Each structure stands twice: as C-alpha cells, then as structure tokens.
Amino acid sequence: MTDKELLDLAREVRTSAYAPYSGFSVGAALLTRGGRVFTGVNVENASLGLSVCAERNAVGAAVAAGQREFAKLVVVTDSPEPTMPCGVCRQVLWEFSHDLEVVVETLGGTRSTTTLRELFPLPFTSYREGEHGA
Ligand code: THU
C-alpha cells in the first residue's frame, strides 16, 4: 500500500466527516503492520467536547476488527498547511504502536511526514505497564 493509495483513501473518506460545528472535515487512514487499512472521520456533537477526531475513529475501527499493530497513519485536511494529530490522539495511538509513521497532507497536496515518537516524545505510560487486561 503506497502513501498515495493511503492518502487517496483518507481523502475519499474525509467527504463523510460529520463536522457541522467546526466545518473542519478530517479523513484518516490507518495501515496495520499486516497491510490492512482502516479509515476514520471526525464525528462532532452538539455537546462540542464530545466530538471525536478522525484518527481515534480509525483506531476504533481497527481495534474492533481485532487489529492493534499499526505501521502508518495518514491524515487529510483542508488547511493551508498539513495539520498534525492532536495530543489526545497521540496518546491513543501510542497505546497500540510506538513505531508509527505519520503522513499528513492538505487537500492542495502539501505533505509532511513525521513519526509518533517525534510527535509524542514523553508519553504517559500506565502505572501498570505490561499488565494490560484482556
Ligand atoms: N480533528 C480531527 O479529527 N483530527 C485532528 O487531528 C485534529 C482535530 C477534528 C476535531 C473537530 O471535529 C475538528 O477537527 C476541529 O477541531
């Protein structure tokens, strides 16, 4: 799966974003280590704080399908510069994959590539690290 293919999927799913409050639609595609892809969009709510980012919805879709090991996240937004995943999403991504490549692109095609380790260098780790429940 190429970056171009992943970005095309994120761009396509972005059109299904539910963002009536911010008007900022986000599409994400998450590539598993095994080569499967799960997509997500932001889903907003009248109670604004309940809005969920595209990245976390992609993680949820993957986890529901039994997939927890991720290689790459791509995100597409309509902004002048590419936007990085928010802090909450960084923590949620870290839960499952530390070596994650992150590719963000604007609708106009401006692209930026980084890693989760760079975005999230000092994560919170559970006081029960290594004791995750079933
Ligand atoms: N949003 C995402 O979906 N991903 C991000 O990385 C940052 C923000 C969404 C949340 C909200 O629906 C809208 O963008 C504006 O913040």
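The values are calculated or read from the model by the stated rules, or taken from the named source; none is laboratory data. As the structure is a prediction and not an experimental result, all values here were calculated from the model. When we count neighbours, we look across all protein chains shown, and the Cβ atoms used for this are built from the backbone with ideal geometry, even at glycine. What goes into the accessible areas is simple: the full protein's heavy atoms, side chains included, and nothing from ligands, DNA or RNA. Shrake-Rupley method; radii C 1.70, N 1.55, O 1.52, S 1.80 Å.
Of the residues Ala61, Ala71, the single one that is open to solvent by 10 Å² or more (accessible area, probe 1.4 Å), under 24 Å from Thr110 (Cα atoms), in contact with a strand residue (DSSP E or B) (Cβ under 8 Å, 6 or more places away or on another chain) and more than 11 Å from the ligand (Cβ to nearest atom) is Ala71.
Close Cβ contacts (under 6 Å, 6 or more residues apart or on different chains) running from residues in the stretch 55-68 that are among the polar types (S, T, N, Q) to residues that are buried (at least 16 other Cβ atoms within 10 Å of the Cβ) comprise Asn57/Gly40; Gln67/Thr32. Could you say whether any residue in the stretch 32-40 is within 14 Å of the chain's Cα centre (by Cα) and either among the charged types (D, E, K, R) or open to solvent by 50 Å² or more (accessible area, probe 1.4 Å) (or both)? So far as the stretch 32-40 goes, yes, one or more of its residues are within 14 Å of the chain's Cα centre (by Cα) and either among the charged types (D, E, K, R) or open to solvent by 50 Å² or more (accessible area, probe 1.4 Å) (or both).
Can you name the residue in the stretch 41-58 that is polar (S, T, N, Q) and within 10 Å of the ligand (Cβ to nearest atom) and, of all such residues, is nearest to Trp94 (Cα to Cα)? By that ranking, first place goes to Asn57. Is it the case, given these coordinates, that Ser79 is within 18 Å of Arg11 (Cα to Cα) and surrounded by fewer than 19 Cβ atoms within 10 Å (Cβ to Cβ)? So Ser79 fits the description; yes.
Of the residues Val103, Val52, Val63, the single one that is touching a helix residue (DSSP H, G or I) at 6+ places or on another chain (Cβ under 6 Å) and either closer than 23 Å to Tyr18 by Cα or of a type in the set (S, T, N, Q) (or both) is Val103.
Among the numbered conditions (1) more than 16 Å from the ligand (Cβ to nearest atom); (2) more than 20 Å from Phe96 (Cβ to Cβ), the only one that Val37 does not meet is (2). For Glu12, state whether it is touching a Pro at 6+ places or on another chain (Cβ under 6 Å) and either on the phi < 0 side of the Ramachandran plot or open to solvent by 70 Å² or more (accessible area, probe 1.4 Å) (or both). Here the answer is no, as Glu12 does not meet what is asked.
Taking first residues from the stretch 15-40 that are farther than 22 Å from Glu69 by Cα and partners that are acidic (Asp, Glu), the Cβ contacts under 7 Å between residues at least 6 apart in sequence or on separate chains come to Tyr18/Glu44; Ala19/Glu44; Pro20/Glu44; Tyr21/Glu44; Ser22/Glu44; Ser25/Asp78.
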